[in-house]
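Read-outs throughout are calculated quantities, based only on the coordinates presented, and are distinct from any laboratory measurement. Note that the structure is a prediction, hence the values are computed from the model and not measured. With ideal geometry, Cβ positions are generated from the backbone for all residues, glycine too; neighbour counts draw on all protein chains shown.
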Amino acid sequence: MLTKSNLVIQTAFLGDLILSIPNLKRIKEIFPQDKLIIVCKQGLGEFLIAEKIVDAVIEVEKSNRESYKLALEEVKKNDIKNIFCLHRSLRSMIFVSKIKAEKKIGFSSFLGYWIFDETVAYVKEYPEVIRQFGLLQVVDKKTYQEINSKDYSYLNDSSLPKVPDFFSFSKKNPSQVSQNKIAIFPGSVWATKKWTTSGYTQLCQLLIKDGFEVDLMGGPPEKSLCVEIAEMAKGVKVRAGSLSIAETIAALSGYSLVISNDSASTHMAAYDNIPVLTIFGPTTLNQGFRPWIDKAAVVQNNNLKCRPCGAHGHNKCPLEHHNCMKDIDVIEVFKAAKRIITS
């Protein structure tokens, strides 16, 4: 019977939450006798239960103070052993300060010094997965040894070096599927992270002409964009808005390739061990959000000094040209996709 609980605070976007999965799995390995609870953003926790990654999910609506109050009441029903605060926001740290636990662990900051019992450096040069693992070195000797064995900044190189086994998703092999089925996610929470509609339309046309089946996917907000592309690129199927996060992750095992912007869909594919091609625009690999899988590639405009223009992209290009996406050639993306499939 699980009597104590370990609590993870990760209220960031879906992509960040997916990149927390290796961390969550390691916590379960370190503390197999304990319950694992995660506090995450509203609407995102279902798949973690479906995939049996955590034992319980407490969701919060980030703009709703009452939501945090209710979440706190739920947390306090548990006997908390360790808190791992993966999210660095002020709101998350204040939330942690109101919880009783044997040990609170978070990233180094002025406020964190007063709230957490143990703090670790947030290494900007490392991939996000390994940055998060830094918190576990406080309670796990093996993680401490792995984290401090080398400089992991090399993993952000555009050649996408092999993901170290210790930090990988460790996902089972995907189902055997035909080599001609591709899922494309043309949307993003941030407008500047989206490759152009004309680019995706032409890409779909090229892939269909070359004999591939193409499905356009995404959440409900992306459905209209997918419909617009489908109307111009005859022959593609729109699945956007029809699947939950858990259902989307399950469905991806039927594809031989995922093509995506730098968004959560890239990380869904990596978690499912599906080859992925990611189109980067305002963000760059050295920010730590590369596809966390060996069989992957990126397409990006390397001729701009204004990249990156922020950590998450913007709703509008700060310089009003959006050349980081507009100048990416459809033939380059098409050839990159073919290389991954045939490699």
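For this structure, a couple of remarks:
- Counting Lys and Arg as +1 and Asp and Glu as -1 over every other residue whose Cβ lies under 13 Å from the Cβ of Phe334, the net charge comes to +1.
- Counted by Cβ distance under 12 Å from Ser260, the other residues give a net charge of 0, where Lys and Arg count +1 and Asp and Glu count -1.
- GNM remark for the chain: springs join alpha carbons under 10 Å apart, and the peak mean-square fluctuation among Phe47, Phe166, Phe280 falls on Phe166.
- Gyration tensor verdict on segment 1-155 (Cα atoms; rounded if a/c is under 1.5, prolate if a/b is larger than b/c, oblate otherwise): rounded
- Of all the options Leu225, Leu24, Leu90, the one that moves most in a Gaussian network model of the chain with Cα springs shorter than 10 angstrom is Leu90.
- Separation between Cα centres of segment 273-343 and segment 119-137, rounded to whole Å: 24 Å
- Under the convention that each Lys and Arg Cβ holds +1 and each Asp and Glu Cβ holds -1, the size of the dipole of the chain around its Cα centre is about 320 debye.
- Inter-label distance, nm, simple model (7 Å from Cα along the C-beta direction), Met232/Glu66: 4.4 nm
- Given charges at beta-carbon only (K, R positive; D, E negative), |dipole| of segment 46-98 in Debye: 340 debye
- Förster radius 30 Å - calculated FRET efficiency between Cys306 and Ser224, Cβ distance, rounded to 0.05: 0.55
- Once both labels are positioned 7 Å from their Cα atoms along Cα-to-Cβ, the gap between Lys338 and Ser242 label points is 2.9 nm.
- Chain lengthening between Phe166 and Leu90 when straightened (0.36 nm per residue, less Cα-Cα): 24.3 nm
- Each distinct pair of alpha carbons in segment 257-300 adds a 1/r term; the inverse of their mean, the Kirkwood radius, is 10.0 Å.
- Relative contact order, percent, the chain [alpha-carbon distance under 8 Å, six or more residues apart]: 15 percent
- Matching label, Rg/Rh (Cα atoms, Kirkwood Rh) computed from the structure shown, candidates [x] 0.97; [y] 1.63; [z] 1.02: [x]
- Our estimate of slack between Ser158 and Ile99, defined as 0.36 nm per intervening residue step minus the Cα-Cα distance, is 17.1 nm.
- Comparing mean-square fluctuations of Gln137, Gln300, Gln33 from a GNM of the chain with C-alpha springs under 10 Å, the top value falls on Gln33.
- Distance between modelled label sites at Asp151 and Glu125, nm, 7 Å Cα→Cβ extension: 0.4 nm
- Burial order of peptide ranges 182-194, 109-121, 255-267 (average beta-carbon count within 10 Å, highest first): 255-267, 182-194, 109-121
- 13 Å beta-carbon shell around Tyr122, net charge (K/R +1, D/E -1): +1
- Segment 260-343: C-alpha gyration tensor shape, a/c 1.5 cut-off, then a/b vs b/c: oblate
- In the chain, helical runs assigned H by DSSP with n ≥ 4 each contribute -39500 (n - 2.57); averaged across all residues and rounded to the nearest 500, the mean residue ellipticity at 222 nm is -9000 deg cm²/dmol.
- Of the trypsin sites (Lys or Arg not before Pro) in segment 239-338, those whose Cβ has at most 11 other Cβ within 10 Å and which sit in DSSP loop: Lys305, Lys316
- For segment 198-343: rounded, prolate or oblate by the Cα gyration tensor [a/c cutoff 1.5]: rounded
- Protection-proxy order for peptides 228-235, 54-61, each taking the mean of Cβ atoms within 10 Å per residue, highest first: 54-61, 228-235
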